[in-house]
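Worksheet: the structure to be examined is printed underneath.
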Amino acid sequence: MKHFTRKSLMNKSLNLAKKLIEIESITPNDNGCQSIFIEELKDYGFEFHKFDSNGVSNLYAKKGNASPLVIFAGHTDVVPTGPIEKWNSEPFKATEKDGELFGRGSADMKASLACFIVAIQEFLDENNDHDGSIGLFITSDEEGVATDGTKKIVENFLHNEQEVDFCIVGEPTSATTFGDTIKNGRRGSLSATLVVKGIQGHIAYPHLIDNPIHRVSSIIDEIKKISWDEGNKYFPKTSWQVSNINGGTGATNVVPGQVEVKFNFRHSTECTPHQLKEDVTNVVKKHAEDYEIHWDIPSEPYLTEKGFLTEVLSQSIESVIGITPEVSTTGGTSDGRFIAKICKQVVEFGPINESIHKINEHVNINNIAQLKDIYKLTLKNLLAHSDEI
Ligand SMILES: [Zn+2]
């Protein structure tokens with residue numbers, strides 16, 4: 001009987017992953033994904049708080065009030081498919097082939113969401129009497145602008161009297177082998193558009209013109225030589241890159257009136273957006289009199305020092321699949337940055353990310369069952385034996 005239960009639950013993560021993949025939830029449209037969480041967890045004593053904001057669906061679910069509170073966090077939205085004719089199977093039809101499950105969002109991150117649900121169900125079935133409480137932060141705005149998603153859940157949570165002790169984000173963090181990487185932080189990201197103005201005119205009359213392309217080249221040259229920091233134990237050095245330059249009228253005898261430059265910082269915790277903005281502005285001022293800089297809202301970096309949660313998660317990965325993960329802060333930004341404001345220990349772990357956002361996105365079917373076991377064991381190690389590890 002027990003064997004039967006385990007087997008059916010193992011298939012359950014796969015089936016739930018399929019069910020979620022088949023919901024066309026292109027960012028920021030949840031399109032009903034979150035109701036699956038409610039349906040699956042309502043008989044387990046969870047309370048549900050749904051709050052929608054500008055077309056984004058957010059769900060905060062919680063069972064219990066005791067400490068520690070463990071949160072699983074993730075997103076139901078997916079990026080657009082790209083040209084459908086390039087897919088080998090329909091992107092919103094979960095398709096099994098050669099041990100892989102194909103579909104948009106399969107790796108990023110509907111398999112993780114399915115594993116959250118089944119890990120919680122199995123844990124509660126097997127441990128009626130556990131310490132702490134369990135919660136979920138689920139949004140449909142991670143792949144988009146991310147202003148109405150986890151950020152809003154966190155703002156709402158601030159009215160709650162309870163602290164979040166541990167958070168596991170289900171982003172696909174594995175690089176080449178499932179289990180090889182967990183993330184304990186992310187670099188910050190800061191983008192801007194700089195417009196440098198000059199005086200347009202005939203190229204043959206240099207005394208009548210002011211060439212903004214020349215001004216911009218001096219600016220870029222000086223900024224790219226700046227060493228912003230040396231990074232630290234967890235982060236590589238801060239880097240600055242130009243992504244676009246637009247200037248010129250198309251004619252070969254005209255100097256343009258203005259040039260637009262777009263650039264981005266990926267920065268460590270050694271720099272703040274405020275400092276970076278100030279340093280850039282000082283260089284720009286040296287080389288241009290007439291300019292405008294429009295800064296995007298920065299994505300701040302976050303970091304969870306190696307410690308209890310990274311240790312528990314690493315040990316769970318080791319016991320389930322025999323791999324010791326690397327603890328890393330590489331990759332783009334994630335919603336971990338918002339949760340870090342209310343939780344000291346945030347880590348991210350999920351499937352292999354090689355196919356995410358691509359045509360033919362997929363997740364390994366065996367890895368889904370293993371991921372569920374890893375989440376469940378992590379929960380068990382946090383809530384069943386939290387004093388002893
Ligand atoms: Zn994701």
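Can you compute the radius of gyration and Dmax for segment 201-316, using only the Cα atoms, both in Å?
Every Cα atom of segment 201-316 included, Rg and Dmax give 19.9, 71 Å.
Using Cβ contacts closer than 10 Å as the measure, can you line up K19, K63 from fewest to most? Provide the component values of the computation, followed by the final result.
Details: K19 14, K63 17.
Listing K19, K63 from fewest to most nearby Cβ atoms yields K19, K63.
Treating only the Cβ atoms of Lys and Arg (+1) and Asp and Glu (-1) as charged, compute the dipole magnitude of segment 1-100 about its Cα centre; round to the nearest 20 debye.
Details: 13 positive and 14 negative charges, 115 e Å.
The calculation lands at about 560 debye.
Note the full-extension length gain between N31 and D221 as 0.36 nm times their separation in residues minus their Cα-Cα distance, in nm to one decimal. Intermediate results must be reported in sequence, preceding the final value.
On the way: separation 190, 0.36 × 190 = 68.40 nm, distance 4.76 nm.
Taking 0.36 nm per residue and subtracting the Cα distance, the gain is 63.6 nm.
In segment 188-295, what is the count of Lys pairs whose alpha carbons are under 20 Å apart, counting only pairs at least 8 residues apart or on separate chains?
Step by step, the pairs that qualify in segment 188-295 add up to 20.
Using the Cα atoms of segment 129-222 to build a convex hull, what is its mean projected area in square nanometres?
13.1 nm²
What value, in deg cm²/dmol to 500, does the helix sum -39500 (n - 2.57) over DSSP H runs of n ≥ 4 give at 222 nm once divided by the residues of the chain? If you can, show how the numbers build up before the last one.
Details: 9 runs with 118 residues, N = 389.
For the chain, the value works out to -9500 deg cm²/dmol.
So what's the gap between the Cα centers of segment 261-311 and segment 121-169, to the nearest angstrom?
So the separation of the two Cα centres works out to 28 Å.
Considering Cα pairs under 8 angstrom that are at least six residues apart, work out the relative contact order of the chain and quote it in whole percent.
Numbers: 837 pairs, mean separation 96.2, N = 389.
Once divided by the residue count of the chain, the mean separation gives 25 percent.
Compute the long axis of helix 111-126 from its Cα atoms, compare it with the longest principal axis of the Cα atoms of the chain, and write down the angle in degrees, 0 to 90, nearest 10.
Relative to the chain, helix 111-126 is tipped by roughly 30 degrees.
Can you tell me which of 142-148, 157-163 comes out highest on packing, and rank the rest after it, using the mean Cβ neighbours within 10 Å?
Working: 142-148: 19.9, 157-163: 11.9.
Top of the packing list down: 142-148, 157-163.
Return a whole-number percent for the relative contact order of segment 1-145, with Cα pairs under 8 Å and 6 or more residues apart as the contact set.
Working: 237 pairs, mean separation 56.2, N = 145.
Relative contact order comes out at 39 percent.
Which length gain, in nm to one decimal place, applies between I245 and Q275 when the Cα-Cα distance is subtracted from 0.36 nm times their residue separation? Present the calculation step by step, with values, prior to reporting the outcome.
Values: separation 30, 0.36 × 30 = 10.80 nm, distance 2.37 nm.
The span from I245 to Q275 would gain 8.4 nm if fully extended.
Which FRET efficiency value, to the nearest 0.05, do you get for T193 and D52 by plugging their Cβ-Cβ distance into 1/(1 + (r/R0)^6) with R0 = 45 Å? Please list the in-between numbers first.
Working: r = 31 Å, r/R0 = 0.69.
Efficiency, rounded to the nearest 0.05: 0.90.
So, R0 is 22 Å and r is the distance between the beta-carbons of D229 and K285; what FRET efficiency does that work out to, to 0.05? Please report the intermediate quantities before stating the final value.
Working: r = 22 Å, r/R0 = 1.01.
Rounded to the nearest 0.05, the efficiency is 0.50.
For the chain, what is the Kirkwood estimate of the hydrodynamic radius, computed as the reciprocal of the mean inverse distance between distinct Cα atoms, to one decimal in Å? Let's see the in-between values first.
Numbers: mean 1/r = 0.0440 Å⁻¹.
Result for the chain, one decimal place: 22.7 Å.
Going down the table (K151/K183; K183/K341; K93/K376; K152/K376), which pairs top 23 Å between alpha carbons? Each step should come with its number before you reach the end.
Details: K151/K183 19 Å; K183/K341 17 Å; K93/K376 27 Å; K152/K376 27 Å.
Pairs exceeding the cut-off: K93/K376; K152/K376.
For V242, V154, V346, what ranking results if the residue with the fewest other Cβ atoms within 10 Å of its Cβ goes first?
Ranked by crowding around the Cβ, least crowded first: V242, V154, V346.
Take I323 and H202, extend 7 Å from each Cα along the Cα→Cβ direction, and tell me the distance between the two endpoints in nm.
If labels sit at I323 and H202, their model points lie 6.7 nm apart.
Lys and Arg at +1, Asp and Glu at -1: add these up for the other residues within a Cβ distance under 14 Å of K262 and post the number. All intermediate terms of the calculation are to be shown ahead of the outcome.
On the way: positive: none; negative: E260, E292, D296.
My count for the surroundings of K262 gives -3.
What distance in nm separates the simple spin-label points at S67 and D131, each placed 7 Å from Cα in the Cβ direction?
The answer from the label model is 1.2 nm.
Give, in whole angstrom and from largest to smallest, the semi-axes √(5λ) of the equivalent ellipsoid of segment 13-132, with λ running over the eigenvalues of the Cα gyration tensor. Display every interim value, and only then the final one.
Details: eigenvalues 165, 62, 20 Å².
Here the semi-axes work out to 29, 18, 10 Å.
Working from Cα positions, state the angle (0 to 90°, nearest 10) between the long axis of helix 2-21 and the longest principal axis of the chain.
Between helix and principal axis, roughly 30 degrees.
Cα axis of helix 273-287 to longest principal axis of the chain: angle in degrees, 0 to 90, nearest 10?
Here the helix axis deviates by roughly 10 degrees.
Given the peptides 91-104, 113-126, arrange them by the average over their residues of other C-beta atoms within 10 Å, most packed first.
Values: 91-104: 18.7, 113-126: 22.8.
Going by the mean number of other Cβ atoms within 10 Å, highest first, we get 113-126, 91-104.
Tell me the volume per residue, in Å³, of the convex hull enclosing the alpha carbons of segment 307-389.
On the way: hull volume 9.2 nm³, N = 83.
In segment 307-389, the Cα convex hull volume per residue is 111 Å³.
Coordinate-derived values only; no laboratory data. Being a predicted model, the structure only gives us computed values, none of them experimental. A quick note on method: Cβ atoms are made from the backbone with ideal geometry, for glycine too, and the neighbour counts reach across all protein chains shown.
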